[in-house]
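First up is the structure itself, then whatever we jot down about it.
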Amino acid sequence: MLSFIVGTGRCGSTLVHEVVARHPDVGFVSNVDDRYARCPRWIRRRSGAVYRRVPPRLTTKGRLRYAPSEAYTALAREVSPLLVDPFRDLLAGDVTPWLAERTRAFFEGRAADEGAPAYVHKLTGWPRTGFLSEVFPEARYVHIVRDGRAVANSWLQMPWWRGHLGPAGWHFGPLPEPYEKEWHAAGRSQAHLAGIAWKHLIDAYAAAREALPDDAWLEIRYEDIVASPRKHFEVILEFLGLAWTPGFERGFARYSFSAGRADAFRRDLAPDQVALLDHSLAAHLRRLGYRG
């Protein structure tokens with residue numbers, strides 16, 4: 001079964017993907033496969049086995065490591081840049097026979113190489129679930145949500161963030177007119193723009209969820225995961241059709257979960273910037289169960 005972990009980015013989806021990839025029945029695209037166009041098939045066949053055996057220090061984020069990947073380099077190379085960096089969400093109507101064939105070849109070919117019962121991939125930014133569901137009607141989606149103020153704060157600190165170029169040069173295409181007016185009226189703050197980007201994407205995720213059957217979508221908050229990880233990974237595994245095996249327990253035990261940076265945006269941003277985000281994102285935060 002093919003499943004996708006999706007989210008805005010900087011939302012905790014990497015943690016979820018990497019923990020799920022510890023399951024002995026899960027396959028994934030590795031960062032080695034992503035990086036090298038001529039990655040040998042024997043490496044693809046053993047992606048999960050290698051990941052679950054290498055020492056933790058060789059899988060730690062922020063250093064040279066071996067780990068699951070979003071595979072944007074490989075996707076651009078073997079499918080299309082359209083899937084990697086679209087200026088808006090990708091919908092069923094964006095699928096052409098040529099793109100569908102290449103997308104199926106990418107995921108189904110790797111799943112077949114690895115031979116795992118479940119193949120799980122992570123994508124961030126736009127949902128793309130309308131596009132993916134047109135190609136893979138039986139696919140399931142785990143949507144990881146995080147407080148938009150924390151996401152905006154984190155984006156501002158990333159070297160790949162292009163918000164400093166404004167909506168004319170960033171990742172997400174033109175702003176909807178109400179959001180464009182809101183941003184200009186409030187003084188075109190960079191922190192505000194990052195917050196608006198989050199709610200722009202959350203709008204797209206809400207629409208994407210409405211377009212799919214209820215049993216194809218699981219939405220879960222990052223803050224709830226780190227507060228009660230075992231409980232929520234049980235929910236995620238059950239949704240993906242996976243049992244909590246002794247092998248997964250060993251992988252799960254490698255992780256420590258901390259909510260320590262949940263409110264880091266209050267330290268990293270100025271009080272007036274936090275107040276602006278509180279006001280701008282209030283309705284979206286309430287809908288997702290966050291307090292102001």
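Some values worked out for this structure:
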read-out: Proportion of all alpha-carbon pairs of the chain beyond 35 Å (%); value: 17 percent
read-out: Under the span-like rule (Cα at least 27 Å along the axis, Kyte-Doolittle mean at least -0.5), DSSP H helices of the chain; value: 190-210
read-out: Relative contact order (%) - region 1-133, alpha-carbon pairs under 8 angstrom, separation at least six; value: 43 percent
read-out: Of the trypsin sites (Lys or Arg not before Pro) in region 163-231, those whose Cβ has at most 13 other Cβ within 10 Å and which sit in DSSP loop; value: 188
read-out: For peptides 61-74, 149-162, sequence by mean Cβ density within 10 Å, most packed first; value: 149-162, 61-74
read-out: Rounded to 5, percent antiparallel among DSSP beta bridges of region 2-287; value: 5 percent
read-out: Partner aspartates and glutamates for residue 231 [C-alpha distance under 19 Å; skip if fewer than 8 residues away on the same chain]; value: 18, 219, 223, 249
read-out: Reach of residue 61 by Cα under 22 Å, taken over lysines that are not fewer than 8 positions away in the same chain; value: 122
read-out: Value of [θ]222 nm, deg cm²/dmol, for the chain, DSSP H segments ≥ 4, -39500 (n - 2.57) each, nearest 500; value: -14000 deg cm²/dmol
read-out: Region 100-258: relative contact order in percent, alpha carbon pairs under 8 Å with at least 6 residues between; value: 28 percent
read-out: Percent RCO, i.e. relative contact order, over the chain, from Cα pairs under 8 Å lying at least 6 residues apart; value: 25 percent
read-out: Debye, to nearest 20: dipole size of the chain, +1 on Lys, Arg Cβ, -1 on Asp, Glu Cβ; value: 1280 debye
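Every number in this text was worked out from the coordinates using simple rules, so none of it is lab data. Keep in mind the model is a prediction, meaning the values are calculated, not measured. Backbone-built Cβ (ideal geometry, glycine too); neighbour counts: all protein chains shown.
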